[in-house]
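S.K.: After the structure tokens below, expect a handful of questions from me.
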Amino acid sequence: MATERLTRSPADKSLLRLFIGGSVDDGKSTLGGRLMYECGAVADDQLSALSRDSARYGTTGDALDFALLVDGLEDERQQGITIDVAYRYFASARRSFIVADTPGHESYTRNVATGASNSDVALIVVSARKGLLAQTRRHIAIARLVGVRHFVLALNKMDLVKWDSDSYQAIGEAFRSLATHLGAETVVSVPISARLGDNVTTPSANMPWYDGPTLLACLESLDVRADHAGVTLRLPVQSVLRPDADTRLYAGTIASGSLHRGDRVQIAISGATTTIERLLIAGTDAEAASLGEAVAVAFANHLDVGRGDIIVLPGQRPDITDQISAHLIWMSEQRLLPGRAYLLKIGTRTVSATVTNVKHRIAVDTLEHEAARTLELNEIGVCTIATVVPVAVDAAVNHPDGARFILIDRFSNETIAAGTIDFALRRGTNVALQALTVTKQVRAALKRQKPCILWFTGLSGAGKSTIANLVESKLAALHCHTYLLDGDNIRHGLNKDLGFTTGDRVENIRRVGEAAKLFIDAGMIVLCSFISPFRAERAAVRGLVETYEFIEIFVSAPLDVCEGRDPKGLYAKSRAGQLPNFTGIDSPYEPPEAAELVLDTTTEGAERLAQRVIDLLAARGNIEESY
């Protein structure tokens, strides 16, 4: 196969970050270990240990099992597979390498995104006997998704197909077609035998029909410096330092471009401009800094800059938006729920965000677009994402590193997805909030109350609506301005189009939360009576308003009591199989962990429980009981 961009000078011993991917048992770890061994990166004591371990764990008979140099976990050695991402460091005569060896098994696909996200080159290992499998295609797609531009195919186990050139040509062409379709800039193929060493570091006499470079020569010559050539300055602010009372330093690592003392710069989000008065590297004043250097800068004048801001050059700001289109790989066993609030981390900034829409799913085998409303574990899709506040974003085509982000579960802190930004949506950049003369505070003062959301949650039949109605009646008697949003009433209008699947339940509460937020802005006390079974959605509504404006009220009653009451006959229908996804029966309810108020309807009457809510509002200063 033809090679591209193999143009580096032998004297330039730069660092190459390498990700090794491919399907299980295709020889990734063996190849990584072979490269280390051939480059002299295995010390004598390691070699002795390798010899012992090969006899104990190895699968190569009397020969050294090079995979054991990379597979460090006991389970990996016993099963002969890679489970975790293994990082190894070695150097050849011409280049230094950091190698991320990633798992091939589908169960560990999320680890692949981790290994590929910090790599310059994807080295994809494919068995000549098997060709491109679904997991191989997934690894290629993931690597491209997280910004890798350069792909090298190591067509392994050529000895098992009798060094057949036709196999190499056919699989190589399929690899090139897939990688090119995904937008790879460099596509190189090398036929090898990692076990025997053919074409890894020395040319193979078994394949005289191949006249290209060895795998090591290919990796030594591959030029990735052009990835950052001409890219404008991006300096994400990691922290604000105060060495003394009069000095503020803004610290971070230059993600692209370069910076000089005296440069005129701009803050991406605010658009404010200033001049770099001081530039420090490792605490020492410097005149200039470039890609990858950790710096601290001082401005000529004071600006309101904090962690998550990005320092850029004037006129080269990224898009400022609260809505983006992005490719996303889902890495959680819990499927994606559009409308659920997650945390989006991009650069040094973390904001609340929701996936508002899944445009389509990408079939890894055919690359065709498939209709989808959600994403399951290891699936890749194109989605629309909305952030609570505007963020500075770059498109992947212009700035690969700056376009990468992850999604984090708000409760478990688990990384559940990784993605790259395709572009900022124009509706997110062209729509601005209109400043209003009459504020929430003015409206609330006119009503002589402090607005809040009273969020009643609990199982069906627990007594939420009964208590909420009584509370509103008592508030009306006190001349308070209120509105009651009830689950059934909302589903007759605003949410008439929604069903009762998990996804629809999430969207139901999201819409109610936005409506409740408008009532808060109007200065009112809004009562929300909803089963709202998931903590994540209740937390998302809380996050829409000020902390003190959300009061969670858990209306508590055991399932058997609620089922015994069954005021609407819903439990009976669910038990009869006529009402699927009913909370408490075949859909879970997650009770609050720290509700402001717990009302047990099995120990006190509704009238007394309603008065407890009024007492709480009076104690918090939301109402004046002696109106």
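The values are calculated or read from the model by the stated rules, or taken from the named source; none is laboratory data. Source: prediction; values computed, not measured. Backbone-built Cβ (ideal geometry, glycine too); neighbour counts: all protein chains shown.
S.K.: What about Val125, is it out of contact with any Cys (no Cβ under 7 Å at 6 or more places or on another chain), outside any helix (DSSP H, G or I) and under 18 Å from Lys28 (Cβ atoms)? Before the answer, list the steps.
M.R.: Details: out of contact with any Cys (no Cβ under 7 Å at 6 or more places or on another chain): yes; outside any helix (DSSP H, G or I): yes; under 18 Å from Lys28 (Cβ atoms): yes.
Criteria met by Val125.
S.K.: Among the residues that make up the stretch 605-627, is at least one of them assigned to a strand (DSSP E or B), of a type outside the set (Lys, Arg), in contact with a Lys or Arg (Cβ under 8 Å, 6 or more places away or on another chain) and closer than 26 Å to Ala341 by Cβ? Before you say what the answer is, go through the steps one by one.
M.R.: The initial filter retains those residues of the stretch 605-627 that are assigned to a strand (DSSP E or B), namely none.
No; the residues of the stretch 605-627 include none that is assigned to a strand (DSSP E or B), of a type outside the set (Lys, Arg), in contact with a Lys or Arg (Cβ under 8 Å, 6 or more places away or on another chain) and closer than 26 Å to Ala341 by Cβ.
S.K.: Given the structure, is Arg264 surrounded by 13 or more Cβ atoms within 10 Å (Cβ to Cβ), basic (Lys, Arg) and not assigned by TED's automatic domain parsing to the domain that holds Thr415? Can you show your working first?
M.R.: On the way: surrounded by 13 or more Cβ atoms within 10 Å (Cβ to Cβ): no; basic (Lys, Arg): yes; not assigned by TED's automatic domain parsing to the domain that holds Thr415: yes.
Answer is no for this residue.
S.K.: Out of Leu527, Leu544, Leu597, I need the residue that is at pLDDT 95 or above and under 26 Å from Thr354 (Cα atoms). Which one? Let's see the steps before the verdict.
M.R.: Values: Leu544 fails: at pLDDT 95 or above; Leu597 fails: under 26 Å from Thr354 (Cα atoms).
Of Leu527, Leu544, Leu597, the one residue that is at pLDDT 95 or above and under 26 Å from Thr354 (Cα atoms) is Leu527.
S.K.: Could you grab the pairs with beta carbons closer than 7 Å, sequence gap of 6+ or different chains, first residue in the stretch 356-376 and touching a residue at least 12 places away in the same chain (Cβ under 8 Å), second one of a type in the set (Phe, Trp, Tyr) and assigned to a strand (DSSP E or B)?
M.R.: Listed pairs, sorted by first residue: Leu375/Trp330; Glu376/Trp330.
S.K.: Another question about this same structure. Yes or no: the stretch 591-605 includes at least one residue that is in contact with a Leu (Cβ under 8 Å, 6 or more places away or on another chain) and among the β-branched types (Val, Ile, Thr).
M.R.: Yes: one or more hits.
S.K.: Name the residue that is farthest from Phe411 (Cα to Cα), counting only residues in the stretch 535-586 that are in contact (Cβ under 8 Å) with a residue 60 or more places away in the chain, hydroxyl-bearing (Ser, Thr, Tyr) and in a helix (DSSP H, G or I).
M.R.: This residue is Tyr571.
S.K.: If you check Asp211, Asp164, Asp198, which single one turns out to be outside the structural domain of Ala251 (by TED's automatic domain parsing), buried (at least 20 other Cβ atoms within 10 Å of the Cβ) and among the charged types (D, E, K, R)? Walk me through how you get there before you give the answer.
M.R.: Details: Asp211 fails: buried (at least 20 other Cβ atoms within 10 Å of the Cβ); Asp164 fails: buried (at least 20 other Cβ atoms within 10 Å of the Cβ).
From the options Asp211, Asp164, Asp198, the qualifying one is Asp198.
S.K.: Every residue in the stretch 157-190 that is assigned to a helix (DSSP H, G or I) and among the hydroxyl-bearing types (Ser, Thr, Tyr), please. Don't jump to the end; show me each part of the working.
M.R.: Going residue by residue through the stretch 157-190, those that are assigned to a helix (DSSP H, G or I) are 158-161, 165-181.
Within the stretch 157-190, Ser165, Ser167, Tyr168, Ser177, Thr180 meet the criteria.
S.K.: Please count how many residues of the stretch 211-225 are among the hydroxyl-bearing types (Ser, Thr, Tyr) and not in a helix (DSSP H, G or I). Talk me through it step by step, then tell me what you get.
M.R.: First, pick out the residues of the stretch 211-225 that are among the hydroxyl-bearing types (Ser, Thr, Tyr): 214, 221.
Now restrict to residues that are not in a helix (DSSP H, G or I): 214.
So the count comes out to 1.
S.K.: Regarding the stretch 169-190, can at least one residue be identified that is among the charged types (D, E, K, R), modelled with pLDDT under 90 and surrounded by 22 or more Cβ atoms within 10 Å (Cβ to Cβ)? Break it down into steps so the answer makes sense when it comes.
M.R.: Of all residues in the stretch 169-190, those among the charged types (D, E, K, R) come to 173, 176, 185.
Keeping just the survivors that are modelled with pLDDT under 90 gives 185.
With the extra rule that they be surrounded by 22 or more Cβ atoms within 10 Å (Cβ to Cβ), the set shrinks to none.
Looking for residues that are among the charged types (D, E, K, R), modelled with pLDDT under 90 and surrounded by 22 or more Cβ atoms within 10 Å (Cβ to Cβ), one finds none in the stretch 169-190, hence no.
To keep it simple, each residue is scored yes or no on (1) of a type in the set (A, V, I, L, M, F, W, C); (2) touching a Gly at 6+ places or on another chain (Cβ under 9 Å); (3) outside the structural domain of Lys573 (by TED's automatic domain parsing).
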{"site": "Thr457", "(1), (2), (3)": "no, no, no"}
{"site": "Leu484", "(1), (2), (3)": "yes, no, no"}
{"site": "Gly503", "(1), (2), (3)": "no, yes, no"}
{"site": "Ser532", "(1), (2), (3)": "no, yes, no"}
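S.K.: Return only the number of the condition from (1) of a type outside the set (D, E, K, R); (2) crowded, with 21+ Cβ neighbours inside 10 Å; (3) outside the structural domain of Arg129 (by TED's automatic domain parsing) that Gly257 does not satisfy.
M.R.: (2)
S.K.: Would you check which residues across the stretch 587-599 are crowded, with 17+ Cβ neighbours inside 10 Å, of a type in the set (A, V, I, L, M, F, W, C) and not in a loop (DSSP other than H, G, I, E, B) and list them?
M.R.: Matches in the stretch 587-599: Leu597, Leu599.
For every residue, the table says whether it meets (1) under 30 Å from Val351 (Cβ atoms); (2) buried (at least 22 other Cβ atoms within 10 Å of the Cβ); (3) not aliphatic (A, V, I, L, M).
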position	(1), (2), (3)
Lys474	no, no, yes
Gly493	no, no, yes
Asp504	yes, no, yes
Gly523	yes, no, yes
Cys528	yes, yes, yes
Leu544	yes, no, no
